[in-house]
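Okay, structure first, notes after.
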Amino acid sequence: MTGVQGLDDDTLLARLREWAATLGFSQIGVAAVDLSTAEAGLLAWLHNGFHGSMDYMAVHGMKRARPAELVPGTLRVITARMDYLPRDTPAGWQAIEWQRLDDPSKAAVSIYARGRDYHKVLRARLQTLADQLAEAVGPFGHRVFTDSAPVLEVELASRSGIGWRGKHTLALHRDAGSMFFLGEIYVDLALPVTDPAVPHCGSCSACIDVCPTRAIVAPYRLDARRCISYLTIEHVGAIPVELRAAIGNRIYGCDDCQLVCPWNKYAQRSSLPDFDARDGLDDATLLQLWQWSEDEFLRHTEGSAIRRIGYERWQRNLAVALGNALRRQPDPRIVTALRERRAQAGALVREHIDWALADAGP
């Protein structure tokens, strides 16, 4: 079948995939723009307040489910998968991560955030992919997205064959698990649509059962207000007291629902150095990170997704984790470090320090 600019569909898709592979992408799909069947679920999620303080989720209304309204003229969405496990990830990496979570002295940073900011990595490479497509078919209207606009990423990924929606709401692939980023290019080209993904979760409920804060309130339904990733990254104010103990030593994000997922035994290593761990974030202690000044925080997190939460929330998260460490194993070094920082801390961090020290005695 003849497609865009005289290129047959199979040839065009093959070229797209070839270009994408050289850019570090693992998979390419193409989705149509009619997502009307997803609107009811989105509305119910917003109505229940599951988006928490992420007001931008509601502000854009149904544009998330209507690509042609978000970017007028859009006919198709090119979807892309980029694996992010660091290149040197050893076999049995899940067991190593569980061991870290069980060590109260260690700082647990979500795997995806230990390297370079994925927004920067994917956005530049998606734009390059769009440029290469334009060289082949001529100029066309497009817009690149990487978790940066009202886009139903997982819905588009599932419809284009990148992966199905797991019960934890993340995209899952039979040969890659869920340890990957998603990116999109909205285009005004009538590209051939790729086949949707087929779900393979079956009766498994491992992700639901393992969630420390019970944030997965039902299969395929996440209450962000209880999710540790939301609480440690998106949430601006005080972390609810009733959820602090469950956070453990997780100071930026949470991987539990992915670590326990059987499909992640097939998770793929990235081919890019961008996602290699920086500054020892795969083996740092809570006390080491607590000692960072604001200047040190900014220096160590330059080019990292972590920087966007700012120093205050970084300290807030660490204070909770240090408090949890004290409750598991009293340590005078932690008590001293928290007390030394309290006088100069702002109101938000001071409140979390006081909570951390509540059982430490005089």
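Using the structure shown, decide if Leu23 is at pLDDT 95 or above, in contact with a Leu (Cβ under 7 Å, 6 or more places away or on another chain) and over 30 Å from Cys261 (Cα atoms).
So Leu23 does not fit the description; no.
The conditions of being over 19 Å from Thr22 (Cβ atoms), surrounded by fewer than 18 Cβ atoms within 10 Å (Cβ to Cβ) and modelled with pLDDT of 95 or more are met by Arg174. Confirm whether Ala149 is at pLDDT below 95 and more than 19 Å from the chain's Cα centre (by Cα). No, not satisfied.
Matching residues to (1) of a type in the set (Lys, Arg); (2) assigned to a helix (DSSP H, G or I); (3) within 23 Å of Asp103 (Cα to Cα); (4) under 30 Å from the mean Cα position of the chain (by Cα):
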{"position": "Ala319", "(1), (2), (3), (4)": "no, yes, yes, yes"}
{"position": "Leu322", "(1), (2), (3), (4)": "no, yes, yes, yes"}
{"position": "Leu326", "(1), (2), (3), (4)": "no, yes, yes, yes"}
{"position": "Arg333", "(1), (2), (3), (4)": "yes, yes, yes, no"}
{"position": "Leu348", "(1), (2), (3), (4)": "no, yes, no, yes"}
{"position": "Trp355", "(1), (2), (3), (4)": "no, yes, yes, yes"}
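Summed over the stretch 46-100, the residues that are modelled with pLDDT of 90 or more, within 28 Å of Leu126 (Cα to Cα) and either assigned to a helix (DSSP H, G or I) or not small (Gly, Ala, Ser) (or both) give a count of 17.
When Arg81, Arg87 are checked against the criterion of being under 23 Å from Asp175 (Cβ atoms), touching a residue at least 40 places away in the same chain (Cβ under 8 Å) and in contact with a His (Cβ under 9 Å, 6 or more places away or on another chain), Arg81 stands alone in meeting it. For the stretch 187-206, the criterion of being modelled with pLDDT under 95, among the β-branched types (Val, Ile, Thr) and under 20 Å from Glu69 (Cα atoms) is met by no residue.
Of the residues making up the stretch 254-295, those that are surrounded by 16 or more Cβ atoms within 10 Å (Cβ to Cβ) and in a helix (DSSP H, G or I) are Asp256, Cys257, Gln258, Leu259, Trp263, Asn264, Asp274, Phe275, Leu286, Leu287, Leu289, Trp290.
If the condition is being assigned to a helix (DSSP H, G or I) and surrounded by 17 or more Cβ atoms within 10 Å (Cβ to Cβ), then the stretch 335-346 contributes Ala337, Leu338, Arg341.
The values are calculated or read from the model by the stated rules, or taken from the named source; none is laboratory data. These figures come from a predicted structure and were not determined experimentally. Glycine gets a Cβ as well: all are built from the backbone with ideal geometry, and neighbour counts include every protein chain shown.
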